[in-house]
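These notes are about the structure you will find just below.
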Amino acid sequence: MGESIAEELVQLLRGFSASLTLKFSHLIAFFLRYKNASSAGAIAGFAIALVCTWKYLKTPSRQRNKINDKRDAPSSSNAPPMETTAEGTSTAIAKSLTQPIQRGVVIRDSPPATQLTLAQMVRRQLQGGRKMTCQLVGVILEESTSEDLQKHAVVRPAVVDVLLEVARSCDLYLLARVLDDESEALVLAALDAVGVFTVGGLNRNKVLFCSTEAGRTSFVRQLEPDWHVDVSSETISQLARFIRHQLHIAPAGAAPIATNVFGAESLECYFGLPASGGFI
């Protein structure tokens, strides 16, 4: 039905055009009989108006024909149909936006611990912390009491790699409660033997000694570290309000102390090393 209406409109336009042409020829003949400057200008203006009118009247029919041709022609593209959603967004646009994800471009999670180097593991576990205080007895040293330090001081082999990396990665302070000057000398010698001052680059002045548990707590509060590592649950509890993060070295199953206190069986275990030592 649409095509028949278009044809009738074309026939009507053709008839109207023929009528205009006939009238235009009569007018030209009239003006030729009485030609002067004004009549010539009038003829030119009338001719221009007639041409513009003719083009304007023919344009709709041509556009309709082109639109009908496009509708009838089969689509050669693989683009999805445009279906508008309730929010006014077409599903075709939505599909094109999700194509990179469908092609396998996805956001990957952090690599597993087995793919990280020890340095990367230490930085990740520090969570952006730049200063750490750490108790020596029971964490770094094999000795568990100040009385033991009067006899000997030995650094735990399993913790050496982590200790050196932590010393390189942050501002590290080592704390120990000792009973005499001889114990201090034994502790410094033990740390020197595993390369803490040479390989790790730790300043000897950052190994601090005190004679009481309260003295160690006071050291920590004055230094204001991002991390403190200790074996004493009492010290950890006292510092929980003041220190951003703490690591409590205790046997598995120990009761939690505070939300900002982490627990591990050893320093190396917290940084991803097995209990026997050695990076995996």
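Residue check, residue 276 against (1) at pLDDT 95 or above; (2) out of contact with any Cys (no Cβ under 9 Å at 6 or more places or on another chain); (3) closer than 16 Å to residue 159 by Cβ, all met but one. Which one? Of (1) at pLDDT 95 or above; (2) out of contact with any Cys (no Cβ under 9 Å at 6 or more places or on another chain); (3) closer than 16 Å to residue 159 by Cβ, only one is false for residue 276: (1).
Answer with yes or no whether residue 251 is assigned to a loop (DSSP other than H, G, I, E, B), open to solvent by 70 Å² or more (accessible area, probe 1.4 Å), at pLDDT below 95 and under 17 Å from residue 140 (Cα atoms). The answer is yes for residue 251. For residue 194, indicate whether it is open to solvent by less than 60 Å² (accessible area, probe 1.4 Å), touching a strand residue (DSSP E or B) at 6+ places or on another chain (Cβ under 9 Å) and under 19 Å from residue 159 (Cα atoms). Yes, satisfied. Every residue in the stretch 179-210 that is in contact (Cβ under 8 Å) with a residue 24 or more places away in the chain and among the polar types (S, T, N, Q), please. 183 - this is the single residue of the stretch 179-210 that is in contact (Cβ under 8 Å) with a residue 24 or more places away in the chain and among the polar types (S, T, N, Q). Of the residues making up the stretch 207-245, those that are over 17 Å from residue 126 (Cβ atoms) and among the basic types (Lys, Arg) are 216, 221, 241.
The values are calculated or read from the model by the stated rules, or taken from the named source; none is laboratory data. Since the structure is predicted, the reported quantities are computational estimates derived from the model, not experimental observations. All Cβ positions, glycine included, derive from the backbone under ideal geometry; neighbour counts span all protein chains shown. These area figures cover heavy atoms from the full protein model, side chains too; ligands, DNA and RNA do not enter into them. Shrake-Rupley method; radii C 1.70, N 1.55, O 1.52, S 1.80 Å.
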